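Read through the structure below, which is laid out as structure tokens, and then see the notes.
The values are calculated or read from the model by the stated rules, or taken from the named source; none is laboratory data. Keep in mind that what you see is a predicted model, and the values were worked out from it rather than measured. Note that we place each Cβ from the backbone using ideal geometry, even for glycine, and neighbour counts take in every protein chain shown.
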Amino acid sequence: MHERISINHLCFPGASLQQLVGYWRELEPRCVSLVSPPLLQADTAPLHEALAGGAFRLETIAHMFSSGRSLTPHEEDWQAGRAELSRLIRIAEQLGARSIYMLTGGHGSLGWEQAAEAFAAAVAPCVTEARRAGVALLIENALPLYADVHIAHSLRDTLDLAELAGIGVCMDLFGCWTEAGLRASIGRGVPLCQIIQVSDYVYGDRSLPSRAVPGDGAMPLRRMLDWILGAGYTGAFDLELIGPRIEQEGHFKAAGRAAERLGEMLHALGA
């Protein structure tokens, strides 16, 4: 597998940490990604043991800052989310994770600017803590259908929020590939970007989520990857494969095929 491809926990929904380690050992990625709930709630001993073995490293951890709640301007409403993120930063440091990428919390009744300012203020102490721990905090772009848990729904809005909060970016190509001025946004975003998520979309799919194996759909992935690499991106490409097409094919088979397809693109582009 191409050394810059990461396999995300979300490729195997419901899998325990022990099961994930088994999948990763079969697929043999150089880097992997996790979601935060098992790290905050479950025994991480199997993961510690696997990472200590050196076969792969932990690239990033996905996290909901407000655990599905809406953002507010009131500091007392931030305390639980701030404490949980602080704890996750310590866990990430122990595991050697390079970054934590986040959803912010929902829009609620706030305008975008108010919500962005509230999020930036809420995470400010954690930004300092993460920097000291050597763990990058990131914000990702997510579709407007996730407005109950997130406020950044375009790459441009995500970059604005990241700059306001003083953090980095997780660029999800599935969520931004149709945007106007995308090449310019990618050029602006790459210096802030620590992880890029890759999947595909098949015209006519209406389910949520509705992702496909790279190369099976309509997204101009090779063109976007060329722009990304040309802008100087040197990080990992994270496969996040979820939805009916992935379930029908089988999660393990889809992950393996996706890694092969993405690896071919990256090799062809000189990565």
Checklist entry - Within the range 64-91, restricting attention to residues that are closer than 17 Å to A152 by Cβ and of a type in the set (A, V, I, L, M, F, W, C), which residue is nearest to the chain's Cα centre (by Cα)? => result M64
Checklist entry - Tell me, which residue of the range 240-251 that is in contact (Cβ under 8 Å) with a residue 40 or more places away in the chain and under 19 Å from A142 (Cβ atoms) is nearest to the chain's Cα centre (by Cα)? => result E240
Next on the checklist: Checking the structure you have, find out if any residue of the range 168-182 is touching a residue at least 40 places away in the same chain (Cβ under 8 Å), out of contact with any Pro (no Cβ under 7 Å at 6 or more places or on another chain), among the β-branched types (V, I, T) and closer than 18 Å to A236 by Cβ.
Outcome noted: no
Next on the checklist: Can you go through R223, R261, R211 and tell me which one is of a type outside the set (A, V, I, L, M, F, W, C) and closer than 22 Å to E28 by Cβ?
Outcome noted: R261
Checklist entry - Residue check, R206 against (1) assigned to a loop (DSSP other than H, G, I, E, B); (2) touching a Leu at 6+ places or on another chain (Cβ under 9 Å), all met but one. Which one? => result (2)
Item to check | the range 12-26 - residue that is without any contact (Cβ under 8 Å) to a residue 12 or more places away in the chain and part of a loop (DSSP other than H, G, I, E, B) and, of those, surrounded by the most Cβ atoms within 10 Å (Cβ to Cβ) | outcome: A15
Checklist outcome for this item: Within the range 92-113, of all residues that are assigned to a helix (DSSP H, G or I) and more than 19 Å from the chain's Cα centre (by Cα), the one farthest from I167 (Cα to Cα) is Q94
Checklist entry - For the range 196-239, how many residues are in contact (Cβ under 8 Å) with a residue 60 or more places away in the chain, surrounded by fewer than 23 Cβ atoms within 10 Å (Cβ to Cβ) and either more than 20 Å from R183 (Cα to Cα) or touching a helix residue (DSSP H, G or I) at 6+ places or on another chain (Cβ under 8 Å) (or both)? => result 1
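Among what's in the range 27-46 and is assigned to a helix (DSSP H, G or I) and modelled with pLDDT under 95, pick the residue that is surrounded by the most Cβ atoms within 10 Å (Cβ to Cβ). First the steps, then the outcome.
Initial filter on the range 27-46 (assigned to a helix (DSSP H, G or I)): 27, 36-41, 45-46.
Those still in the list that are modelled with pLDDT under 95 too: 37-41, 45-46.
Details: P37: 13, P38: 17, L39: 22, L40: 14, Q41: 8, A45: 10, P46: 16.
That would be L39.
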Checklist entry - Which members of the range 133-157 meet the condition of being under 27 Å from L95 (Cα atoms) and in a helix (DSSP H, G or I)? => result A133
Checklist entry - Can you tell me which residues in the range 151-185 are β-branched (V, I, T) and either surrounded by fewer than 20 Cβ atoms within 10 Å (Cβ to Cβ) or in contact with a Cys (Cβ under 7 Å, 6 or more places away or on another chain) (or both)? => result V169, T178
Checklist outcome for this item: The residue that is farthest from the chain's Cα centre (by Cα), considering only those in the range 150-202 that are among the hydrophobic types (A, V, I, L, M, F, W, C) and closer than 13 Å to A116 by Cα, is L164
Next on the checklist: If I ask for residues that are surrounded by fewer than 24 Cβ atoms within 10 Å (Cβ to Cβ) and touching a residue at least 12 places away in the same chain (Cβ under 8 Å), which ones from the range 100-114 would you list?
Outcome noted: L103, G106, H107, G108, S109, L110, W112, Q114
Next on the checklist: On the basis of being over 21 Å from L138 (Cβ atoms), at pLDDT below 95 and crowded, with 20+ Cβ neighbours inside 10 Å, does A55 make the cut?
Outcome noted: no
